[in-house]
Amino acid sequence: MDEETIPPDHPRYWSLVIRERLVRGFRNGIVVPQGLIAHGRGEAFDYILGEETHPPAREATKAAAALLLVSQNPVISVNGNSAALAASELVKLSQISNAKLEVNLFHRSREREERILSRLREEGADNILGVGEDADAIIPDISSMRRKVSSRGIYRADTVLVAIEDGDRTESLVKMGKKVIAIDINPFSRTARYATVTIVDNIIRAIPNLVKECEELRHLSLEEIRCIAERFDNEANLCNMVAIILRRLEKIAQQGF
Ligand code: ATP
């Protein structure tokens, strides 16, 4: 089945679209098999959350947009899954927030970097960092290939947006003094807990929502935007997301399906 042939009235429409995009990404050499497995963990959380954006995620999205807009050197880190699922919206986000795009992969190969680069270029991105020789700097304390970053991008960034990541790099980036925005549907993950602002939502909804928030916030003064970013409490927000999961499960346990 192709994305275009999935009937829009199918009750699991978006879930099927996401799967098709990942399978296509896998066939095109953008997504690795491990990425498909990582998606499985995320999909399970999305299922429990009813595949919708909840109020704490909206609040986190607003804080993340504010943080991007007040940052001097924001960078959006792109991996295989995020390129396969949200390339067009990632490019829009980079344009509206003035954030650079940088390819950063756990399973790094020159061929995969180039394929992701082409995918982002197809959507109108230029000046994409982190490919080939451009990944010329090292994040300390990480043993995986994710440590290789661009000295023009993630290495000197004050804010880095990561999505669908493991926790090690988030922890290291925070240790380097950077602010990290994470998109992770699992509120229990290490990434979610280490990040400065975690959006507990599916990337497929989170990036378009971020674009909208950036558009709206741009009408406020810099001081007002800074205030929104600063008053955000990540731990409280994660707890609110866990409370939503609990309430949803409790309702079913008490009242049935
Ligand atoms: P950590 O090291 O932070 O505890 P992990 O070991 O679970 O995380 P990975 O296996 O790399 O890290 O998984 C990536 C994360 O991305 C998981 O928390 C998963 O739930 C989440 N995830 C997967 N797909 C999506 C998606 N489409 N949108 C948002 N989050 C996703």
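Bear in mind that the values in this text are calculations on the coordinates, not laboratory data. Keep in mind that what you see is a predicted model, and the values were worked out from it rather than measured. Here the Cβ positions follow ideal geometry from the backbone for every residue, glycine too, while neighbour counts run over all protein chains shown.
Return the FRET efficiency for the residue pair residue 137, residue 95: r is the Cβ-Cβ distance, R0 is 35 Å, and the value is rounded to the nearest 0.05. The partial results should precede the final answer.
Numbers: r = 25 Å, r/R0 = 0.71.
After rounding to 0.05, the efficiency reads 0.90.
Could you list the trypsin sites (Lys or Arg not before Pro) in region 186-257 that lie in coil according to DSSP, counting only those with at most 13 other Cβ atoms within 10 Å of their Cβ? Numbers along the way, then the final one.
Numbers: sites: 190, 193, 205, 212, 218, 226, 231, 247, 248, 251; in loops: 218, 231.
Counting only loop positions with at most 13 other Cβ atoms within 10 Å, the trypsin sites (Lys or Arg not before Pro) in region 186-257 are 218, 231.
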Most mobile of 11, 56, 187 in a GNM of the chain (Cα contacts under 10 Å): 11
Prolate/oblate/rounded call for region 95-139, Cα gyration tensor, a/c under 1.5 rounded: oblate
Normalised contact order of region 55-243, rounded percent, pairs of Cα under 8 Å and 6 or more residues apart: 29 percent
Per-residue ³J(HN,Hα) for region 135-149, Karplus 6.51 cos²θ - 1.76 cosθ + 1.60, θ = phi - 60°, Hz, x for Gly and Pro: 7, 9, 10, 10, 7, x, 6, 10, 8, 6, 5, 5, 5, 7, 9
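Looking at the square roots a ≥ b ≥ c of the eigenvalues of the Cα gyration tensor of region 55-243, which shape do they give, rounded for a/c under 1.5, prolate if a/b is larger than b/c, or oblate?
On the way: a/c = 1.55, a/b = 1.32, b/c = 1.18.
Taking the square roots of the gyration eigenvalues as a ≥ b ≥ c, region 55-243 is prolate.
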Segment residue 14-residue 156, extension gain: residue separation times 0.36 nm, minus the distance between their alpha carbons: 47.5 nm
Where labels lie 7 Å past Cα in the beta-carbon direction, separation of residue 188 and residue 242 in nm: 1.0 nm
Cα-projected label distance for residue 2 with residue 27, points at 7 Å along beta-carbon direction, nm: 0.9 nm
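Just check region 116-179 against the gyration tensor rule for me: Cα atoms, a ≥ b ≥ c as the square roots of the eigenvalues, rounded for a/c under 1.5, and otherwise prolate or oblate depending on whether a/b exceeds b/c.
Details: a/c = 1.81, a/b = 1.66, b/c = 1.09.
Here region 116-179 falls in the prolate category.
In debye, nearest 20: dipole of region 55-243 around its Cα centre with unit charges on the Cβ of K, R (+) and D, E (-)?
Using Cβ point charges on Lys, Arg, Asp and Glu, region 55-243 gives about 200 debye.
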In region 83-165, GluC sites (Glu not before Pro) in a DSSP loop with at most 11 other beta-carbon atoms within 10 Å: none
Region 18-125: relative contact order as a whole-number percent, Cα under 8 Å and 6+ apart: 32 percent
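Would you compute, from DSSP H runs of 4+ residues alone, the mean residue ellipticity of the chain at 222 nm, taking -39500 (n - 2.57) per run and dividing by the full residue count, rounded to the nearest 500? Present the calculation step by step, with values, prior to reporting the outcome.
Numbers: 10 runs with 138 residues, N = 257.
After summing the helix terms and dividing by the residues of the chain, the value is -17500 deg cm²/dmol.
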Euclidean distance of C-alpha centroids, region 12-50 and region 114-133, integer Å: 22 Å
Rounded to 5, the percent of DSSP beta bridges in region 55-243 classed as antiparallel: 10 percent
5 angstrom amide H check on residue 163, placed H, neighbours 5+ away: 183
Taking only Cα atoms of region 1-108, radius of gyration then Dmax in Å: 15.4, 44
Between region 170-214 and region 241-255, the alpha-carbon center distance in angstrom: 24 Å
Percentage relative contact order, region 80-182, counting C-alpha pairs under 8 Å, at least six apart: 23 percent
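Figure the gain on full extension for residue 221 and residue 108 (residue separation times 0.36 nm, minus the Cα-Cα span) and round it to one decimal in nm. Working shown, then result.
Details: separation 113, 0.36 × 113 = 40.68 nm, distance 4.07 nm.
Taking residue 221 through residue 108 to full extension adds about 36.6 nm, to one decimal.
Show me the GluC sites (Glu not before Pro) within region 1-54 that DSSP assigns to loop and that have at most 12 other Cβ atoms within 10 Å of their Cβ. Don't skip to the answer; put the middle values down first.
On the way: sites: 3, 4, 20, 43, 51, 52; in loops: 51, 52.
Of the GluC sites (Glu not before Pro), the ones in loops of region 1-54 whose Cβ has at most 12 other Cβ atoms within 10 Å are 52.
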